[in-house]
Each structure stands twice: as structure tokens, then as C-alpha cells.
Amino acid sequence: MQSTKSHVSKGETVMVIAGKEKSKSGKILQILPKKNSVIVEGLNMVKRHVKARGNEPGGIKEKEASIHISNVMPFCSKCAKPVRVRRKALENGEKQRICAKCGNSIEK
Ligand SMILES: [Zn+2]
């Protein structure tokens, strides 16, 4: 059984570790649990033909395509590289996600 809880969450900065966007980073705009994929801002752009709709003109628009979730890792700004995160319980009972390497908190 695979956990439905992903190792990354919406709004956090991740780095791509495989594929054509390797070593680029960006913010997660959306998680697609059914596809095990994420949409990362500005990455994996694809051109799409869009039909005119209402007062929006048609044409070619660039849009982010999904990236498989196993190809992204949380990005630690302090280590300046993709890292594993671990969860640390705070005194108030909340859990904080921190970089397993340097302890820097990885929050949105
Ligand atoms: Zn770190």
C-alpha cells in the first residue's frame, strides 16, 4: 500500500531531479493525486492551442504540464539543493517540516 500523503505539498518550492526540467526549481501550483503528479510554476511548459471563448481570444498559450511526483524533491534554500524533509514536533503540538540536513524549516 502506498501512502496517499505525498512528500511535497502545494505552495512549496521543489526542485526537479529527473527529466527534461532537471535541476530547475519552482513552486507547486497543484497536486494531482490521481496522476501522482504535480504542476510546478513555470516548469515543463507546453504549447496548447486554445479556442476562442467569450471575450478570450484563441491562439497558442503556454501552460504548465504535470511532472511525476517522484521527479521532484523539496528544495532547501539554505542547502541550495533538493533535500529530504523530516517532521519535527513543536512544543505546541504542531508539526514542522524541516530539512533533514541542516534543520532549516521548509514551509510554504
Ligand atoms: Zn537544508
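The values are calculated or read from the model by the stated rules, or taken from the named source; none is laboratory data. Predicted model, so just to flag it, every value in this text is computed and none were measured. Here the Cβ positions follow ideal geometry from the backbone for every residue, glycine too, while neighbour counts run over all protein chains shown. Protein only, heavy atoms only, side chains kept; ligands, DNA and RNA dropped before computing areas. Shrake-Rupley method; radii C 1.70, N 1.55, O 1.52, S 1.80 Å.
Of all the listed residues (A89, A80, A52), the sole one being aliphatic (A, V, I, L, M), free of Cβ contacts under 8 Å to residues at least 12 places away in the same chain and in contact with a strand residue (DSSP E or B) (Cβ under 7 Å, 6 or more places away or on another chain) is A89.
In this structure, K47 does not qualify as in a loop (DSSP other than H, G, I, E, B), away from the ligand (no atom under 15 Å from the Cβ), over 13 Å from the mean Cα position of the chain (by Cα) and surrounded by fewer than 13 Cβ atoms within 10 Å (Cβ to Cβ). Among the residues of the stretch 54-108, those identified as near the ligand (Cβ under 10 Å from one of its atoms), open to solvent by 90 Å² or more (accessible area, probe 1.4 Å) and over 16 Å from the mean Cα position of the chain (by Cα) are K78, K101. Of the residues I98, I60, which single one is part of a strand (DSSP E or B), of a type in the set (A, V, I, L, M) and within 14 Å of H7 (Cβ to Cβ)? On inspection, the qualifying residue turns out to be I98. Of everything listed in (1) more than 16 Å from the ligand (Cβ to nearest atom); (2) of a type in the set (D, E, K, R); (3) over 18 Å from the mean Cα position of the chain (by Cα), the single unmet condition for K24 is (3).
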